[in-house]
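Taking it in order: structure first as structure tokens, then the write-up.
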Amino acid sequence: MSNTILTGDRPTGKLHLGHYVGSLKKRVEMQADPDNKLYIMIADMQALTDNAKNPEKVSANVLEVALDYLAIGLDPSKTTIFIQSMIPQLAELTMYYLNLVSVGRVRRNPTVKTEIEQKNFGEGVPTGFFIYPVSQAADITAFKANLVPVGEDQKPMLEQTQEIVHSFNNTYREVLVEPKAVLPPKGQGRLPGIDGNGKMSKSLGNGIYISDPADVLAKKVMSMYTDPKHIHVEDPGQVEGNMVFTYLDVFGTDKEAIEEMKAHYRRGGLGDVKIKRYLIDILEAEFGPIRARREEFAKDPAAVMAMLKKGSEDAEQVAAATLAEVKSAMGINYFA
Ligand code: TRP
């Protein structure tokens, strides 16, 4: 069966290893299947919903995110990479969908609820932020995506999209396609930060970035949270909650060697520096080539912007066709 796949990222910073294991890697795999058509969106409009006063933060990161995409192997000859704000049809669809969603329903979205609390918005929450799940439904349905690879925290957005699809199709006519979330395998969705605190995030300053130079990567691994009670090499150490082993479980390929190291660490006699050096080698093997590709692409930002322009033009055509169907189903295609 052929799939239409859409996903995206808010351009509020460079992408990190949490993004990589949670979603980016999966995209490259999906891209390799010729039956799949991928749309990857840089969600600048969504990023602006809580950065309206700071638009440079968003616009400056569009290129950075595009470079991350190209570096990990997303290929614009196969995958349409585009900028959300360049597709006006998405904003238009959002306006029609908003009429199908109650304020109470928007208020119940658990992810938005949590974000409003974390950001201390209270009643000051920007309306655009409050309703961004509806705009996300427009992103997904404009391309008639049936699969949406996202992290666990995006599940409520997919549920909301499904409801909008049903409501639209029942109210007007069967136009929209119901999408399904593609979630990361259990235990792999949430890469903790190097400090062991929660998930990797820019605001917590605990991330390793795809673009980090080799020395920065090594320094970050060397500063990873391990077992604070493992002071002398001979001391028995704890593997659970030890970020080096957490990362080895995610990135290591020689599972047998890692299990042996864990046993050795638990017994005592295996030092932190040794396991950290081992992890650095593994990460360097995976991200060294990615970093090199990124540096190559970064030499020609104009070419990257041209790629995004072409992708946005292609994406606009698809979104325009869906919008035309939507308006016709609603009976507001006056001049057709
Ligand atoms: N909300 C997503 C995030 O914060 C980004 C996003 C915007 C998205 N529109 C989307 C993801 C549509 C999937 C589909 O990461």
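The values are calculated or read from the model by the stated rules, or taken from the named source; none is laboratory data. Note that the structure is predicted; figures quoted are calculated from it, not measured. No Cβ is skipped: glycine too gets one built from the backbone with ideal geometry, and neighbour counts run over all protein chains shown. Ligands, DNA and RNA are excluded from the accessible area calculation, which covers all protein heavy atoms including side chains. Shrake-Rupley method; radii C 1.70, N 1.55, O 1.52, S 1.80 Å.
Of note:
- Loop-resident GluC sites (Glu not before Pro) (DSSP state other than H, G, I, E or B) in region 237-304 with no more than 14 further Cβ atoms inside 10 Å of their Cβ: Glu240.
- Given Lys78/Lys299; Lys14/Lys199; Lys113/Lys186; Lys14/Lys255; Lys119/Lys186; Lys25/Lys276, the pairs whose alpha carbons are separated by over 26 Å: Lys14/Lys255; Lys119/Lys186
- Take Ile231: with every protein chain present and a 1.4 Å probe, its accessible area is about 130 Å².
- With R₀ set to 56 Å, the beta-carbon distance separating Glu284 from Tyr334 gives a calculated FRET efficiency near 0.40.
- Taking the inverse of the mean reciprocal distance over all distinct Cα pairs, the Kirkwood hydrodynamic radius of region 43-148 comes to 15.3 Å.
- In the context of the full set of protein chains, residues of the chain present 48 Å² of accessible surface per residue (probe radius 1.4 Å, heavy atoms only).
- Over 25 Å between alpha carbons, listed pairs Lys53/Lys310; Lys144/Lys309; Lys26/Lys155: Lys53/Lys310
- The label-point distance for Ala292 and Ala60, in a model that sets each label 7 Å from Cα toward Cβ, rounds to 3.0 nm.
- Whole-Å distance, taken between Cα centres, linking region 57-72 and region 267-318: 11 Å
- Full extension of the chain segment joining Met222 with Glu163 gains 16.6 nm, where the gain is 0.36 nm per residue of separation less the Cα-Cα distance.
- Fraction in percent of alpha-carbon pairs per bin - 10 Å, the chain: 5, 23, 30, 23, 12, 5, 1, 0, 0
- Each of Arg107, Arg27, Arg10, Arg293 has its accessible area taken with a 1.4 Å probe; listed largest first, they run Arg107, Arg293, Arg10, Arg27.
- The chain: most fluctuating residue of Leu17, Leu74, Leu98 per GNM, C-alpha cutoff 10 Å: Leu98
- Candidates Pro228, Pro156, Pro126, ranked by Gaussian network fluctuation over the chain, Cα under 10 Å, top entry: Pro228
- Computed over the chain, relative contact order equals 23 percent, with contacts defined as Cα pairs under 8 Å that lie 6+ residues apart.
- Ranking of Met224, Met1 by solvent-accessible surface, largest first: Met1, Met224 (1.4 Å probe, protein heavy atoms only, all chains present).
- With every protein chain in place, the chain: carbon and sulfur % of accessible area (1.4 Å): 54 percent
- Label point at Ser77 placed 7 Å out along Cα→Cβ; residues across region 26-40 whose backbone nitrogen lies under 16 Å: 31-34
- For region 153-214, the list of GluC sites (Glu not before Pro) that fall in a loop by DSSP and count at most 14 other C-beta atoms within 10 angstrom reads Glu174.
- Compared with the direct C-alpha span, the chain from Ser203 to Lys299 gains 31.7 nm at full extension, assuming 0.36 nm per residue.
- Charged side chains reduced to their Cβ positions (Lys and Arg at +1, Asp and Glu at -1) give the chain a dipole of some 400 debye around its Cα centre.
- Euclidean distance of C-alpha centroids, region 204-256 and region 148-163, integer Å: 31 Å
- Sorting the segments 207-215, 134-142 by their residues' average number of neighbouring beta-carbon atoms within 10 angstrom, most packed first, yields 134-142, 207-215.
- Point-to-point label distance, Val177-Lys113, nm (Cα→Cβ direction, 7 Å offset): 3.2 nm
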